[in-house]
Amino acid sequence: MHWVLAVLIASMVALGWYMMTIEKSPAGPWYFDLHRSVGLLVGALVLMRVLWRAFHIPQPLPASLPRWQVRASSLIEILLYICMVVMPVTGYLGSAYSKSGVRFFGLELPGWTAPDRTLSHELFSIHSATVWVLVVVVCLHAAAGIRHLVVDRELVFNRMWF
């Protein structure tokens, strides 16, 4: 699940940034619908991941790790989960409150609210800000994993490898 979500989330970030450059082009709506559709799948996978994580305690970190690294690891994990939840929720709600609504691979999902342009913009602003936090946190997470693998030659990286 770790690597599936990593690839999907990285792809969604790239697709999101790309679609913002072609927003007004004729192909724009297709990319937005694709982003929403895959975003719904990512949201479902994140929910599964959160539920799985709630009932499965990960292997403890090695006792040799400095206390600050253990704390940083916990903080980064919490931030990753917050971002992984906030992103699909704000994306879905922003779309639900927009005129265009939400489609799942072409299938129009039932609307449950009237469009509200101001609220939609606010939700998409949170969605956009969260992606930047997510990118920074993922870079820190990846850099720490690589450092543990290459520099420290510790087995921490093996906890998330296949």
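Read-outs throughout are calculated quantities, based only on the coordinates presented, and are distinct from any laboratory measurement. All figures in this text were calculated on a predicted structure; none of them were measured in a lab. With ideal geometry, Cβ positions are generated from the backbone for all residues, glycine too; neighbour counts draw on all protein chains shown.
At a glance:
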quantity: FRET efficiency, 1/(1 + (r/R0)^6) with R0 45 Å, evaluated for Lys99 and Ile76 via beta carbons; calculated: 0.75
quantity: Gain on full stretching of the segment that runs from Leu107 to Ser37 - 0.36 nm per residue minus C-alpha separation; calculated: 24.3 nm
quantity: Loop chymotrypsin sites (Phe, Trp or Tyr not before Pro), region 46-146, which have at most 16 other Cβ atoms in a 10 Å radius of their Cβ (DSSP); calculated: Phe105, Trp112
quantity: Cα Rg, Dmax (largest Cα-Cα span) when computed across the chain, Å; calculated: 18.0, 56
quantity: Under-5 Å amide H pairs with Phe104, H placed in peptide plane, nonlocal only; calculated: Leu109
quantity: Approximate spin-label separation Trp3-Arg67, in nm, with each point projected 7 Å along Cα-to-Cβ; calculated: 3.6
quantity: Relative contact order (%) - criterion: Cα under 8 Å, at least six apart; region: the chain; calculated: 22
quantity: Using alpha-carbon coordinates, inclination of helix 67-96 to the longest axis of the chain, degrees; calculated: 10
quantity: Distance between modelled label sites at Cys139 and Glu23, nm, 7 Å Cα→Cβ extension; calculated: 2.3
quantity: Cα-based helix-to-principal-axis angle, 117-146 vs the chain, degrees rounded to 10; calculated: 20
quantity: Label zone at Glu122, where the point sits 7 Å out along the Cα-to-Cβ direction: region 82-98 residues whose backbone N lies under 18 Å; calculated: 86-87, 89-98
quantity: Helix axis angle, 28-55 relative to the chain longest principal axis, alpha carbon, degrees; calculated: 40
quantity: CD proxy at 222 nm, helix term only [per DSSP H run n ≥ 4: -39500 (n - 2.57); per residue of the chain; nearest 500]; calculated: -24000 deg cm²/dmol
